[in-house]
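Below is one structure, written out as structure tokens; the observations come after it.
The values are calculated or read from the model by the stated rules, or taken from the named source; none is laboratory data. Treat the numbers as computed from the prediction; the structure is a model and nothing was measured. Backbone-built Cβ (ideal geometry, glycine too); neighbour counts: all protein chains shown. These area figures cover heavy atoms from the full protein model, side chains too; ligands, DNA and RNA do not enter into them. Shrake-Rupley method; radii C 1.70, N 1.55, O 1.52, S 1.80 Å.
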Amino acid sequence: MTVSNNGTAGDPGRPDTRFKTFFSFLITFVLLFLSWLVLSGKFEPLLLWLGAISSFFVAYYFYDLLFPDLESNYAGISFRFICYVPWLIWEIIKANFHLLYLAFHPRMKDLIDPHIITFKTNLKSDIAITTLANSITLTPGTITVTATSDGVFKVHAIDRPSAEALPGTMLEKVAKVFGEQI
Amino acid sequence: MLWIDLIVLTFVIFCAIAAITVKDLLATAILFGAYSFMMCLLWAVMGAVDVAFTEASVGAGVSTVFFVAAVFRTSRRTKD
Amino acid sequence: MITFFLSVALGLLFLMLFSIYRALFGPTVLDRLIGVNAIGSKTVVLLLLIGFLYERVDMFVDIALAYAFLNFIAVLAASRYFHKRKGLYEESFMD
Amino acid sequence: MDILDILVIILLLTGLFFFLGGAVGIIRMPDFYSRLHPAGKLDTLGIFAMVTGFAVYNLHHFSIESLLLSIKMFLIVFFVFLSSPTATHSIVDAGMRAGLRHWTKKKRKG
Amino acid sequence: MTDLLPLIVAKYNYWLYVILMMIGLYAMIAKNNLIKKLVGMNIFQTAIILFYVSIGYKVDATLPIIQGAHGGQGAAIQAADYINPLPHVLMLTAIVVSVATFGVAMALAVRIYQRYQTLEEDELRMRLSE
Amino acid sequence: MKLLGFIVVSLAGALLLYGTQDFPAWGDPQSPASVHLSNDYIEKAVDQTQVPNLVTAVLADYRGFDTMFETAVIFCAGLACFLLLRDFSKKRERYYRHVSTGVILHVKNQEKKLTVGNEFEYMDKDWVPSDLIIKTICRILIPFIQIYALYVVAHGDFSPGGGFQGGVIFGASFILMAISYNLKTLVNRIKEKVFGIFAAVGVLIYVGIAALCMPMGGNFLDYSKLAPLIPGDPGHIRALGMLGVEIGVGIAVTAAMAIIYINIVSEGRHDEGL
């Protein structure tokens, strides 16, 4: 689900929707205030008050940007996402050496073979699609060209080995993080 | 510190010359953004942190966007 | 350690030369955009390095952070141009 | 010269090496799409390595302030990791829409 | 030869600021396109800002943000330890005004293009004389 | 013209290069710019204003008039863009898109209006589907950019930054929203009037704080006279006054940047943009 064009998340009249709106506001507020604390690094009353006011202001007007869809289980997702990040970084580092090898190879033009591959996944939510797309882009050798909301990915790969690795384990991991079917 | 300053100054000259000679206004916009990046670096080297901050936010961010917007609404073509 | 930081900064500036070559000599506008993006990412690191050279890095982190944001916005705007307007090849070569 | 300094030096040199790969790749690759591969990603990893090095160096004189400063530096990494692939994707999408053809081997042979 | 390097180092900033300013001036005089002229104007502005910031720099001085002064009283502040803040203030104002003028100039360019369908100076002059 | 320009430029450049002989060496602590007034600022600013960032102290206190009119210049720039470009005339042609099938309707007659809702949506002339990845990432980034901008405004006293920089970054977050979704989203979310009012309110906050010093018995922009109004340490009052002024500048700059961008990118019609 995306943010609707006129910017209101759902119908504010119904009580459960109103509660969800408040909940999304609260999470946004807490997150923003934490980031204020990290940014500021000073714990004086004046600055803390200013931080609270600023976080309130931003969270009040833009609460629907961070968490538009409160059906999902954000706690579980964020925990599994944090577990996913180290694996991703390790994967990025591993694959980067391949790209370094390509870049420094004297006969590079024989090694590379750019082409475009298309594959379809069953991911539904746009945050999952975005995570997969950005993971693919960060893993060297492949760049996501387009990713549509029905889960079709078009990927530009620089050579055959990096293209063959897709979608593979990365898709499984991302689907597991966001609790979706593969 | 001194050598950083001298090298970045030379880069700035390159960017400035390229920005006014290139025959595509969008490329001018992009090169002008690069020019602003360099200027920001230069001011950071000279210790003018506030000026560097202003240039980073104004020159690199907003004025490039204005430039692209104006090119979007006019034409990219130019004779010189 | 300061000498080491200084040499790292000079090395980064040397590497920036490659990106500047790409930004100046195209051939297409999008290649220039790649070059400028690469310059931006090196500049973020260079700002932090200058902060360590001044031994006041807490002042420079803000600038680097703002830089990372705004570089992103500028690149996004410039590439968004091509989502709406066609015709990359017209007058895209330098001289 | 203690262990932290050596760690910092290793991290910075790693970052510099990644940046070097990115720069060489930008120059040597044959077309726009393949240039994006080194430019977009080796630079991201270079930032990651170097900023990690800075954060470690900053923890040299440990205090609550320097810890917060290091976390702040990691915010840069966080935002770069979010924004850099998006920028890369945006550029490659622009190239596709503008109709830029990608380099293939067949074209070179024929 | 040994005397030449300090001379170059001492004046290099000023020379390059002159060159930059002349690039901007040339673009303002000789270029035909209005947006190119604007870029020239901005380069000119930054050259002047560069000059001002350069004369405020001091060797072996730190940033114009007093260290450890927040709240309590620090030690006596030596003026030679801090870079001159006055040019920074003036130039900060100049940059922000420059972006405002840049925005207005861009708006004018868009308006001119709406009316005359061109941004080239000679074509504009032709249209105006018709 | 080119030759003439080149001659003029070379002559002027040669003269200026000749003039650089008399300049002090780069980084000379005894250069004329650094011996007169600025030393006073450096040595006394912290005692007088309790603000460690000398640039902010000089900008918002010693040279407060300068900054006030600069804010007015920004406001006038926004106003000028509005007056130059804003186009209130109704569009003749409209484009609608049927959401489920993707069929595009081109309505040339103004009277016939389709109801926009779940079935149809507005479309631009050169509309492209907004990109899913860019949209999602920007959705996540925008609140953080905004909190960062507010942080920059609030910490102008201790670290680089202040009203201008924070305002510009906050404006850039709106621009990012317009780029990643479309211009209609931004215009619907925050009305044009709101931006206009905020630009004026920002300048008004600055002038108001400055003018409030006069009935309290001081000069214009003499923040120390505001001490009875605000509880707390009276020595700190100048820093608080500067903070208020910076907030005003930030609001004005934010609104002005958004107005300039929206008007340029849509040629004043506020319907379609980058």
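Is one or more of the residues making up the range D:97-110 assigned to a helix (DSSP H, G or I), within 21 Å of residue A:144 (Cα to Cα) and at the interface with chain C (Cβ under 10 Å from one of its Cβ atoms)?
Yes.
Working only within the range C:48-60, note down all residues that are part of a helix (DSSP H, G or I) and charged (D, E, K, R).
Of the range C:48-60, the ones part of a helix (DSSP H, G or I) are C:48-54, C:57-60.
Answer for the range C:48-60, where residues must be part of a helix (DSSP H, G or I) and charged (D, E, K, R): just C:58.
Which number in (1) surrounded by 24 or more Cβ atoms within 10 Å (Cβ to Cβ); (2) facing chain C (nearest Cβ under 9 Å) marks the one condition that residue B:76 misses?
Here residue B:76 clears every test but (1).
A quick yes/no check of all residues on (1) among the hydrophobic types (A, V, I, L, M, F, W, C); (2) open to solvent by 10 Å² or more (accessible area, probe 1.4 Å); (3) more than 8 Å from chain A (Cβ to nearest Cβ):
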| site | (1), (2), (3) |
| --- | --- |
| F:129 | no, yes, yes |
| F:132 | yes, yes, no |
| F:138 | yes, no, yes |
| F:144 | yes, yes, no |
| F:151 | no, no, no |
| F:156 | no, no, yes |
| F:166 | no, no, yes |
| F:169 | yes, no, yes |
| F:173 | no, no, yes |
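Exactly one of (1) over 14 Å from the mean Cα position of the chain (by Cα); (2) in a helix (DSSP H, G or I); (3) charged (D, E, K, R) is unmet by residue A:150. Its number?
Against the list (1) over 14 Å from the mean Cα position of the chain (by Cα); (2) in a helix (DSSP H, G or I); (3) charged (D, E, K, R), residue A:150 comes up short only on (2).
Against the definition (closer than 19 Å to residue A:99 by Cα, within 7 Å of chain D (Cβ to nearest Cβ) and among the hydrophobic types (A, V, I, L, M, F, W, C)), how does residue A:136 come out, yes or no?
Working: closer than 19 Å to residue A:99 by Cα: yes; within 7 Å of chain D (Cβ to nearest Cβ): no; among the hydrophobic types (A, V, I, L, M, F, W, C): yes.
Spelling it out, it is not the case that residue A:136 is closer than 19 Å to residue A:99 by Cα, within 7 Å of chain D (Cβ to nearest Cβ) and among the hydrophobic types (A, V, I, L, M, F, W, C).
Can you say whether residue C:36 is modelled with pLDDT under 85 and at the interface with chain B (Cβ under 7 Å from one of its Cβ atoms), as far as the supplied structure shows?
Values: modelled with pLDDT under 85: no; at the interface with chain B (Cβ under 7 Å from one of its Cβ atoms): yes.
So residue C:36 does not fit the description; no.
Output the number of residues of the range A:78-127 satisfying the condition of being of a type outside the set (D, E, K, R), in a loop (DSSP other than H, G, I, E, B), within 12 Å of another protein chain (Cβ to nearest Cβ) and touching a residue at least 40 places away in the same chain (Cβ under 8 Å). Give the steps one after another, and end with the answer.
Narrowing the range A:78-127 to residues of a type outside the set (D, E, K, R): A:78-79, A:81-90, A:92-93, A:95-106, A:108, A:111-112, A:114-119, A:121-123, A:125, A:127.
Adding the requirement that they be in a loop (DSSP other than H, G, I, E, B) leaves A:105-106, A:112, A:114, A:121-123, A:125.
Within this subset, residues satisfying the condition of being within 12 Å of another protein chain (Cβ to nearest Cβ) are A:105-106, A:112, A:114, A:123, A:125.
Filter again for touching a residue at least 40 places away in the same chain (Cβ under 8 Å), leaving A:112, A:114, A:123, A:125.
Residues flagged as of a type outside the set (D, E, K, R), in a loop (DSSP other than H, G, I, E, B), within 12 Å of another protein chain (Cβ to nearest Cβ) and touching a residue at least 40 places away in the same chain (Cβ under 8 Å) within the range A:78-127 amount to 4.
Take the residues in the range E:33-64 that are of a type outside the set (A, V, I, L, M) and part of a loop (DSSP other than H, G, I, E, B), then tell me which one is surrounded by the most Cβ atoms within 10 Å (Cβ to Cβ).
If we filter the range E:33-64 for residues that are of a type outside the set (A, V, I, L, M), which is where we start, we get E:33, E:36-37, E:40, E:42, E:44-46, E:51-52, E:54, E:56-58, E:60, E:62, E:64.
From what's left, part of a loop (DSSP other than H, G, I, E, B): E:57-58, E:60, E:64.
On the way: E:57: 23, E:58: 21, E:60: 9, E:64: 29.
For the range E:33-64, the residue satisfying everything is E:64.
Among the residues of the range D:3-33, count how many are more than 16 Å from the chain's Cα centre (by Cα) and either open to solvent by less than 10 Å² (accessible area, probe 1.4 Å) or in contact (Cβ under 8 Å) with a residue 60 or more places away in the chain (or both).
Residues flagged as more than 16 Å from the chain's Cα centre (by Cα) and either open to solvent by less than 10 Å² (accessible area, probe 1.4 Å) or in contact (Cβ under 8 Å) with a residue 60 or more places away in the chain (or both) within the range D:3-33 amount to 6.
Just name the residue that is surrounded by the most Cβ atoms within 10 Å (Cβ to Cβ) out of those in the range C:1-47 that are among the aromatic types (Phe, Trp, Tyr) and part of a helix (DSSP H, G or I).
As a first pass, look at the range C:1-47 and keep what is among the aromatic types (Phe, Trp, Tyr): C:4-5, C:14, C:18, C:21, C:25.
Of the ones still in play, those that are also part of a helix (DSSP H, G or I) are C:4-5, C:14, C:18, C:21.
Details: C:4: 13, C:5: 19, C:14: 13, C:18: 22, C:21: 14.
Top of the filtered list is C:18.
Of all residues in the range F:182-227, count the ones that are part of a helix (DSSP H, G or I), without any contact (Cβ under 8 Å) to a residue 24 or more places away in the chain and over 21 Å from residue F:254 (Cα atoms).
6
The rows are residues; the columns are (1) at pLDDT 90 or above; (2) within 14 Å of chain B (Cβ to nearest Cβ); (3) closer than 21 Å to residue F:157 by Cβ; (4) open to solvent by less than 20 Å² (accessible area, probe 1.4 Å).
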| residue | (1), (2), (3), (4) |
| --- | --- |
| F:189 | no, no, no, no |
| F:203 | yes, no, no, no |
| F:212 | no, no, yes, no |
| F:235 | no, no, yes, no |
| F:240 | no, no, yes, no |
| F:248 | yes, no, yes, yes |
| F:261 | yes, yes, no, yes |
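With facing another protein chain (nearest Cβ under 7 Å), of a type outside the set (Val, Ile, Thr) and open to solvent by 50 Å² or more (accessible area, probe 1.4 Å) as the only criterion, which of F:11, F:79, F:83, F:16 stands out? Lay out the reasoning, then the answer.
Values: F:11 fails: facing another protein chain (nearest Cβ under 7 Å); F:79 fails: facing another protein chain (nearest Cβ under 7 Å); F:83 fails: facing another protein chain (nearest Cβ under 7 Å).
Exactly one of F:11, F:79, F:83, F:16 is facing another protein chain (nearest Cβ under 7 Å), of a type outside the set (Val, Ile, Thr) and open to solvent by 50 Å² or more (accessible area, probe 1.4 Å), namely F:16.
How about the range E:11-30: which of its residues are over 23 Å from residue E:96 (Cα atoms) and open to solvent by 20 Å² or more (accessible area, probe 1.4 Å)?
Scanning the range E:11-30 gives E:11, E:12, E:15, E:19, E:26, E:29.
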